[in-house]
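K.L.:
Questions regarding the structure given below will be posed in turn.
The values are calculated or read from the model by the stated rules, or taken from the named source; none is laboratory data. None of the values given here were measured: they were computed from a predicted structure. We place every Cβ from the backbone using ideal geometry, glycine too, and count neighbours over all the protein chains shown.
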């Protein structure tokens, strides 16, 4: 393709709303253009990268046993009402009505629709398993869309769904998809990791995320050298060390102590002459149905995702100061479990392992010292609600874990019967008994993966594309466009490169060399071939790789062979 015959317009300055590298560089490189908040045009260069990734996805989905279909983006409310998610999904679901006042939504995901597809066709266990995927535009009405394609409202997603007669068959498909995802990201040339994950609004029993590793990633990953890894929302720890020895005489029962103006754990601990690990931190939360008191050791933090899952609630938020005082009898900052009878108490195991503790007294400027968990209060439930942090022991090997940053690009789930039961997607087993299909779900963000590739592969000049995702593998740059002999050589090389099957963009613009080189660095084509008057004076062209910028002066007659050899070298590196 000639530059002058396509639509490529680069920007010299960053968009005013660009907060992350991928948004800034993709907009400047003429790959995307904003239409509205969280909604983008995919311009020709950006679309080429999208289509390359989609081709890899289609190949690997077929290899994993999935068949492609295409479901509608706009879906009727009735299906979502059957599953119970019409209300539960919340404000991110874009609801709309047609001219007949019937309710629809712009699908953020397609569990309901695909379940309807399968239940209309499947009758017997002999027709299972079924594995279907699509690449489709989705819409989630994010409250604060940001980061370009990383957190947009409209986005392209590959979503796959499998239906099975039993859990063992689901596990086979799940592992095949798991392996397929690994092949996709490896073929893209991305550094990634697979971690345990929370199931979120989709639901299910087992879940893994695929994270592209990048310092700018918005997700924290807790991992260990033994291979354990989890999103911080899901991560567990090994046995945590207990608190230091209690430094005071132990009272026979909890004693109230005046602690004026000491609301934080650190302030209270210092005032009482204790360590933060001697305190029980009591947080009052409000769900869609109740108030709960969540207890964590004073030197730890509550993982709200874990707490939400334990409570099996749709919404969870910290209670306001007024509500805290109403349900505990004391002001914010002085809550404690002793004497709380009107609300449920959820305690982390680290709390119940404390031999003695101090905690809020549910009264202004007062704490209780000498509280014994299990004697002075009994939680309704003991569950892991602890937020894992770097340095915590690994749950598998007890070595200290570390934290890295990642960008979630893929997420797979074992759904079980979460959708098939309420939507009556059933089959007859070998004994003629009707049973619900057991489901799996497998999502991959297409635009998000492209953005993650940019986050991981860039320098101070622009994008450094991994070969499989580059909009063009090679850029042929014409200098001295006013010199007929230079144009003639460049035109001939362009034809020979295309004839050799090389994917090449021919920059035939009559622009200054500095403008062209800046654009080449910004867009990040892996291989660059420069044809100019100076080099041709010696019978050479200049070939370089974007990643190292090392100039290779090559005879004109050897150009095609040298370029194909470089491309073969890059492909070989990916395969190794």
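K.L.:
Of the residues 247, 243, only one is under 30 Å from residue 321 (Cα atoms) and not assigned by TED's automatic domain parsing to the domain that holds residue 354; which?
P.N.:
Values: 247 fails: under 30 Å from residue 321 (Cα atoms).
Of 247, 243, the one residue that is under 30 Å from residue 321 (Cα atoms) and not assigned by TED's automatic domain parsing to the domain that holds residue 354 is 243.
K.L.:
Same structure again: For the range 76-163, give me every one of the helices (runs of 4 or more DSSP H) that falls completely inside it and has 3 or more residues that are over 28 Å from residue 56 (Cα atoms) and assigned by TED's automatic domain parsing to the domain that holds residue 451.
P.N.:
Working: elements: 77-83, 85-88, 111-119.
It comes to 77-83, 85-88.
Yes/no matrix, rows are residues, columns are (1) within 39 Å of the chain's Cα centre (by Cα); (2) without any contact (Cβ under 8 Å) to a residue 40 or more places away in the chain; (3) closer than 30 Å to residue 119 by Cα:
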residue: 356; (1), (2), (3): no, no, no
residue: 361; (1), (2), (3): no, no, no
residue: 380; (1), (2), (3): yes, yes, no
residue: 394; (1), (2), (3): yes, no, no
residue: 408; (1), (2), (3): yes, no, no
residue: 411; (1), (2), (3): yes, no, yes
residue: 414; (1), (2), (3): yes, no, yes
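K.L.:
Can you tell me which of (1) surrounded by 19 or more Cβ atoms within 10 Å (Cβ to Cβ); (2) modelled with pLDDT of 95 or more; (3) touching a helix residue (DSSP H, G or I) at 6+ places or on another chain (Cβ under 8 Å) is the one residue 20 doesn't meet?
P.N.:
It is condition (2) that residue 20 fails.
K.L.:
Could you tell me whether residue 446 is in the same structural domain as residue 491 (by TED's automatic domain parsing) and farther than 14 Å from residue 45 by Cα?
P.N.:
Criteria not met by residue 446.
K.L.:
I would also like to ask the following. Looking for whichever is crowded, with 19+ Cβ neighbours inside 10 Å and assigned by TED's automatic domain parsing to the domain that holds residue 367 here; the options are 271, 291, 285. Which one fits? Full working, then the answer.
P.N.:
Numbers: 271 fails: crowded, with 19+ Cβ neighbours inside 10 Å; 291 fails: crowded, with 19+ Cβ neighbours inside 10 Å.
Step by step, each of 271, 291, 285 is checked, and only 285 is crowded, with 19+ Cβ neighbours inside 10 Å and assigned by TED's automatic domain parsing to the domain that holds residue 367.
Residue-by-condition table, conditions (1) at pLDDT below 90; (2) touching a strand residue (DSSP E or B) at 6+ places or on another chain (Cβ under 8 Å):
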position	(1), (2)
158	no, yes
176	no, no
190	no, yes
201	yes, no
205	yes, yes
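K.L.:
Let me ask something else. Restricting attention to strands (runs of 3 or more DSSP E) lying wholly within the range 486-576, give those where 2 or more residues are more than 29 Å from residue 27 (Cα to Cα) and touching a helix residue (DSSP H, G or I) at 6+ places or on another chain (Cβ under 8 Å). Let's see the steps before the verdict.
P.N.:
Numbers: elements: 504-507, 527-531, 540-545, 552-555.
Those strands (runs of 3 or more DSSP E) span 540-545, 552-555.
K.L.:
Just to verify a result, which residue in the range 47-75, among those that are without any contact (Cβ under 8 Å) to a residue 60 or more places away in the chain and outside any helix (DSSP H, G or I), is nearest to residue 446 (Cα to Cα)? Walk me through it before giving the result.
P.N.:
Kept after step one, since they are without any contact (Cβ under 8 Å) to a residue 60 or more places away in the chain, are these residues of the range 47-75: 47, 51, 55, 59, 62, 72, 74-75.
Next, from what is left, pick out any that are outside any helix (DSSP H, G or I): 72, 74-75.
Working: 72: 18, 74: 19, 75: 21 Å.
Filtering the range 47-75 for residues that are without any contact (Cβ under 8 Å) to a residue 60 or more places away in the chain and outside any helix (DSSP H, G or I), the one nearest to residue 446 (Cα to Cα) comes out as 72.
K.L.:
Quickly run through the range 215-263 and pick out the residues that are loosely packed, with under 13 Cβ neighbours inside 10 Å, under 42 Å from the mean Cα position of the chain (by Cα) and either under 23 Å from residue 335 (Cα atoms) or without any contact (Cβ under 8 Å) to a residue 60 or more places away in the chain (or both).
P.N.:
Within the range 215-263, 241, 242, 244, 245, 261 meet the criteria.
K.L.:
Among the residues of the range 360-377, which ones are in a strand (DSSP E or B) and out of contact with any helix residue (DSSP H, G or I) (no Cβ under 9 Å at 6 or more places or on another chain)?
P.N.:
Keep residues of the range 360-377 that are in a strand (DSSP E or B), which gives 360, 366-371, 373, 377.
366, 368, 370, 371, 377, listed by residue number.
K.L.:
Across the range 66-106, what is the total count of residues that are at positive phi and under 24 Å from the mean Cα position of the chain (by Cα)? Steps first, please.
P.N.:
Kept after step one, since they are at positive phi, are these residues of the range 66-106: 84, 90, 101.
Of the ones still in play, those that are also under 24 Å from the mean Cα position of the chain (by Cα) are 90.
Total meeting the criteria: 1.
K.L.:
While we're here: What strands (runs of 3 or more DSSP E) lie completely within the range 421-465 and have 3 or more residues being buried (at least 23 other Cβ atoms within 10 Å of the Cβ) and within 22 Å of the chain's Cα centre (by Cα)?
P.N.:
Numbers: elements: 426-428, 434-436, 438-445.
In the range 421-465, the matching strands (runs of 3 or more DSSP E) lie at 438-445.
K.L.:
Separate question: Against the conditions (1) crowded, with 23+ Cβ neighbours inside 10 Å; (2) under 22 Å from residue 255 (Cα atoms), where does residue 364 fall short? Just the number, please.
P.N.:
(1)
K.L.:
Residues 567, 536, 469, 522: which one is crowded, with 16+ Cβ neighbours inside 10 Å, within 26 Å of residue 20 (Cβ to Cβ) and out of contact with any strand residue (DSSP E or B) (no Cβ under 6 Å at 6 or more places or on another chain)? Lay out the reasoning, then the answer.
P.N.:
Values: 567 fails: within 26 Å of residue 20 (Cβ to Cβ); 536 fails: within 26 Å of residue 20 (Cβ to Cβ); 522 fails: out of contact with any strand residue (DSSP E or B) (no Cβ under 6 Å at 6 or more places or on another chain).
Going through 567, 536, 469, 522 in turn, the sole match is 469.
K.L.:
So residue 4 ticks every box in (1) surrounded by 15 or more Cβ atoms within 10 Å (Cβ to Cβ); (2) under 30 Å from residue 478 (Cβ atoms); (3) in contact (Cβ under 8 Å) with a residue 24 or more places away in the chain but one. Which box is left unticked?
P.N.:
Among (1) surrounded by 15 or more Cβ atoms within 10 Å (Cβ to Cβ); (2) under 30 Å from residue 478 (Cβ atoms); (3) in contact (Cβ under 8 Å) with a residue 24 or more places away in the chain, the lone unmet condition for residue 4 is (1).
K.L.:
Here's a check for you: in the range 396-406, which residue that is within 22 Å of the chain's Cα centre (by Cα) and assigned to a strand (DSSP E or B) is surrounded by the most Cβ atoms within 10 Å (Cβ to Cβ)? Lay out the reasoning, then the answer.
P.N.:
If we filter the range 396-406 for residues that are within 22 Å of the chain's Cα centre (by Cα), which is where we start, we get 401-406.
Next, only the ones that are assigned to a strand (DSSP E or B) stay: 402-406.
Values: 402: 14, 403: 15, 404: 18, 405: 15, 406: 27.
Top of the filtered list is 406.
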